[in-house]
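Asks: Structure incoming, see below.
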Amino acid sequence: MLAFPSTYSVGITSLGYQVVWASLASRSDVDVRRLFTDQGDPPHRQLDLFGLSLSWELDGPVLLDLLEQLGIPLWSQERGERDPIVFGGGPVLTANPEPLAPFFDVVLLGDGELLLPAFIDAVQARRQAPRAERLRALAQIPGIYVPALYAPRYGAAGELLGVEPIEPGLPATIAKQTWRGNTLSHSTVITPEAAWPSIHMVEVVRSCPELCRFCLASYLTLPFRTPSLDDGLIPAVEKGLAATQRLGLLGASVTQHPQFADLLTWLDGDRFEGTRVSVSSVRAATVTPQLGRILAKRGSKSLTIAIESGSERMRRVVNKKLATEEIFAAARYAREGGLSGLKLYGMAGLPTEDDADIEATADLLLAIKAATPGLRLSLGVSTFVPKAHTPFQWEGVRPEAEKRLKRLARRLQPKGIELRPESYGWSVIQALLSRSDRRLAPVIAAVRGRHGQLGGWKAAYRDALAAAPAALPSPPPWQEVIHQRWPHEKLLPWEHLEGPLPKSLLQRHHDEALEPAKG
């Protein structure tokens, strides 16, 4: 059973979920069924594997609802020989699986192209072996993490001191696996029921070379990879356009593909008349008149760029190599090309940010509106949340962000600029999940049935705090996990899991970003 922690419409729009499902379905030795929160295929009479793809921290607790629905014990230690192996993957679990680790038997760290076949082959090779033997064998495969074979060690005050193998012969650390093939992923399911109806999605790039210091999508997925135009992208596009006339080009920075201009020229041909083409967020400095014109010609209404902040100082701090003039140029090219809207993305509460930086963001949006009359502007803005394996993993959520989101609303909404802020309260819960260790698992278990309410999380945390047995550590301190800046010498909950870059280099990037000269 392959599950997604949301509705069918949302889940089937996830390219990662589609690719995992197709990989499993293509095997003659696997009968894979799908499960979503609102529907699913008929379950197997005897279930061998239960998998979950997790792309967003706040979806994590849904795992427990799905396990309960199928009658699978929630805690891995309570599962027996007849229970399925519960496995998971995706960016959230690759970054920091520890809060959810007690609920998983296996976590796949990294890209699934090679990791998933290796996992299934190993499961098939030992189907008749006892459960404990199967898990020990899986733990020897690079990129496969078996949490039950790694025990957290705590200090006298309940602080985490390490996560270590429980027996000899196990690797001390587990490294994320990286796909380096000449092709990336594309849709395997095209349906009008998807959140983006009838769209064929093609992954144009993986990772991003810009290395903004907060960005999980960049740091966790390094190195930056680009499939070849002739052998990768064009065949992937052709395959989808045989079934639909809607094409989505995906990636953290699609316009930085070295042959993106050639791809645009190809899509500008007469044979694509009637095809609607859209692109995910593009780097503002790479927007050209050609891009605006061709996207408008192919049915796009708007362009999306991430500016992070209107303050040049803050853009330097986060390593956003983007000049103010380049942002104005992107808006100008979008309007001149025939696009009617520009969507910008920014953040509040970044490290060292002050009120003047937020004012600079509002000033920039108002100046763009004045410079490009007729172009509809919207600003999506979120609170900074620290993520594992990024230079800003040591920073905390800043409470000032809540007021700064309101400040942006007061400045922009009366002037006709749409503001789409993410909830500050939910950003706090996101940080709780992204920065915690296994001590949070009882909170996640307690919040079952009320994880969609902010009050439910706070109540579950209090309940878990009160119910923690004396022999076990209490949940991690709320303030420390969410808001505190951690010292570099602190043991990180994910330290036994190797990301693309060593901790020493992340620390250097952190210190360079925040050194006084940046002011």
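The values are calculated or read from the model by the stated rules, or taken from the named source; none is laboratory data. The shown structure was predicted, so the numbers you read here are calculated from the model rather than taken from an experiment. We place every Cβ from the backbone using ideal geometry, glycine too, and count neighbours over all the protein chains shown. Just the protein is used for accessible areas: all its heavy atoms, side chains included, with ligands, DNA and RNA removed. Shrake-Rupley method; radii C 1.70, N 1.55, O 1.52, S 1.80 Å.
Asks: Sort Thr173, Thr265, Thr286 from largest to smallest accessible area, using a 1.4 Å probe on the heavy atoms of the protein chains.
Replies: On the way: Thr173 60, Thr265 80, Thr286 35 Å².
Reading off the accessible areas and sorting them downward yields Thr265, Thr173, Thr286.
Asks: Say the dipole of the chain comes from +1 at the beta carbon of Lys and Arg and -1 at that of Asp and Glu; which of Gly310, Gly88, Ser280 then lies farthest toward its positive end?
Replies: Comparing the listed Cα positions along the dipole, Gly310 ranks first.
Asks: Heavy atoms only, probe 1.4 angstrom, no DNA, RNA or ligands counted: give me Trp56, Trp75 ranked by accessible area, highest first.
Replies: In descending accessible area the options line up as Trp56, Trp75.
Asks: In the structure shown, do any of Lys343/Lys503; Lys301/Lys369; Lys458/Lys503 have a Cα-Cα gap over 23 Å, and if so which? Don't skip to the end; give the middle numbers.
Replies: Numbers: Lys343/Lys503 34 Å; Lys301/Lys369 17 Å; Lys458/Lys503 32 Å.
Among Lys343/Lys503; Lys301/Lys369; Lys458/Lys503, the Cα-Cα distance tops 23 Å for Lys343/Lys503; Lys458/Lys503.
Asks: If you rank Arg315, Arg376, Arg448, Arg153 by how much accessible surface each has, with a 1.4 Å probe, what is the order from largest down? Let's see the in-between values first.
Replies: Working: Arg315 0, Arg376 130, Arg448 80, Arg153 105 Å².
Reading off the accessible areas and sorting them downward yields Arg376, Arg153, Arg448, Arg315.
Asks: Additional query: Could you give the size of the charge dipole of the chain about its Cα centre, using +1 on the Cβ of each K and R and -1 on the Cβ of each D and E, expressed in debye and rounded to the nearest 20? Please report the intermediate quantities before stating the final value.
Replies: Numbers: 58 positive and 56 negative charges, 212 e Å.
So the magnitude is around 1020 debye.
Asks: Distances over 21 Å make up what percent of all Cα-Cα pairs in the range 397-519?
Replies: On the way: 4242 of 7503 pairs.
Considering the range 397-519, 57 percent of its Cα-Cα pairs are separated by more than 21 Å.
Asks: In debye to the nearest 20, how big a dipole does the range 1-154 give about its Cα centre with +1 on each Lys and Arg Cβ and -1 on each Asp and Glu Cβ?
Replies: About 420 debye.
Asks: Given bins 5 angstrom wide, list per bin the percent of all Cα-Cα distances in the range 1-105, short to long.
Replies: The percentages, shortest bin first, are 2, 12, 25, 26, 21, 11, 2.
Asks: Turning to a different aspect of this structure: What is the Cα centroid distance between the range 395-442 and the range 309-332, reported in whole angstrom?
Replies: Using only Cα atoms, the two centres lie 22 Å from each other.
Asks: Also, I was wondering about something else. Compute the helix-to-body angle for 324-337: its Cα long axis versus the longest principal axis of the chain, expressed 0 to 90° and rounded to tens.
Replies: 70 degrees
Asks: Then there is this: Among Ser9, Pro414, Ile174, which residue has its Cα positioned farthest towards the positive end of the charge dipole of the chain, with +1 placed on the Cβ of Lys and Arg, -1 on the Cβ of Asp and Glu, and the dipole taken about the Cα centre?
Replies: Positive-end residue among those listed: Pro414.
Asks: Please compute, for the alpha-carbon atoms of the range 69-223, the extent along each of the three principal axes and give them in descending order in Å.
Replies: 48, 39, 31
Asks: At a 1.4 Å probe radius, carbon and sulfur cover how many percent of the accessible area of the range 15-58? List each step's numbers first, then the result.
Replies: Values: 1160 of 2240 Å².
Exposed carbon and sulfur together represent 52 percent of the surface.
Asks: Can you tell me the equivalent ellipsoid semi-axes for the range 176-252? Use √(5λ) from the Cα gyration tensor, largest first, whole Å.
Replies: Numbers: eigenvalues 124, 47, 18 Å².
Over the Cα atoms of the range 176-252, the semi-axes work out to 25, 15, 10 Å.
Asks: Just order 487-494, 399-406 by mean Cβ neighbour count inside 10 Å, highest at the front, would you? Mind dumping the intermediate values first?
Replies: Numbers: 487-494: 14.8, 399-406: 18.1.
The densest-packed peptide leads the list: 399-406, 487-494.
Asks: Let me ask something else. Given the -39500 (n - 2.57) contribution per DSSP H run of 4+ residues, what per-residue ellipticity at 222 nm results for the chain, rounded to the nearest 500 deg cm²/dmol?
Replies: Details: 19 runs with 178 residues, N = 519.
Result for the chain, helices only: -10000 deg cm²/dmol.
Asks: Please work out the average accessible area per residue across the chain, using the 1.4 Å probe convention, and give it in Å². Don't skip to the answer; put the middle values down first.
Replies: Details: 20990 Å² over 519 residues.
For the chain, the solvent-accessible area averages 40 Å² per residue.
Asks: Heavy-atom accessible area of Tyr8 with all protein chains present, probe 1.4 Å, nearest 10 Å²?
Replies: 30 Å²
Asks: Take each of the peptides 425-436, 324-335, average the number of other beta-carbon atoms within 10 Å over its residues, and list them starting from the highest. Kindly include the intermediate steps, with their values, before the conclusion.
Replies: Working: 425-436: 22.3, 324-335: 19.5.
Taking the mean over residues of other Cβ atoms within 10 Å, the ranking is 425-436, 324-335.
Asks: Can you work out D for the range 128-216 in µm² s⁻¹ from Stokes-Einstein, where Rh is the Kirkwood radius over C-alpha pairs, the temperature is 20 °C and the viscosity is 1.002 mPa s? Could you put the intermediate results ahead of the total?
Replies: Working: Rh = 17.8 Å.
Using the Kirkwood radius from Cα pairs, D works out to 121 µm²/s.
Asks: Going out from 0 in 5 Å bins, what whole percent of all Cα-Cα distances in the range 441-493 drops into each bin?
Replies: All Cα pairs considered, the percentages come to 4, 18, 24, 21, 17, 12, 4, 0.
Asks: Then there is this: Might you list the cysteines of the chain that have no disulfide-compatible partner by the rule of another cysteine's Cβ under 4.7 Å?
Replies: Taking the Cβ cut-off of 4.7 Å, the unpaired cysteines of the chain are Cys208.
Asks: Sorted by average packing, counted as other Cβ atoms within 10 angstrom per residue and highest first, what order do 377-388, 228-239 take? Intermediate results must be reported in sequence, preceding the final value.
Replies: Working: 377-388: 22.2, 228-239: 16.5.
In decreasing order of mean packing, 377-388, 228-239 become 377-388, 228-239.
Asks: Place a label point 7 angstrom from the Cα of Glu167 along the Cα-to-Cβ direction, then list the residues of the range 103-141 whose backbone nitrogen is under 11 Å away.
Replies: Label zone hits: 132-137.
Asks: Let me ask something additional. What does the chain give for Rg and for Dmax, in Å, if only its C-alpha atoms count?
Replies: Calculated on Cα positions, Rg and Dmax stand at 23.3, 72 Å.
Asks: Roll a 1.4 angstrom probe over the protein heavy atoms and tell me the percent of accessible area of the range 305-404 that is carbon or sulfur.
Replies: Ligands and nucleic acids excluded, carbon and sulfur reach 52 percent.
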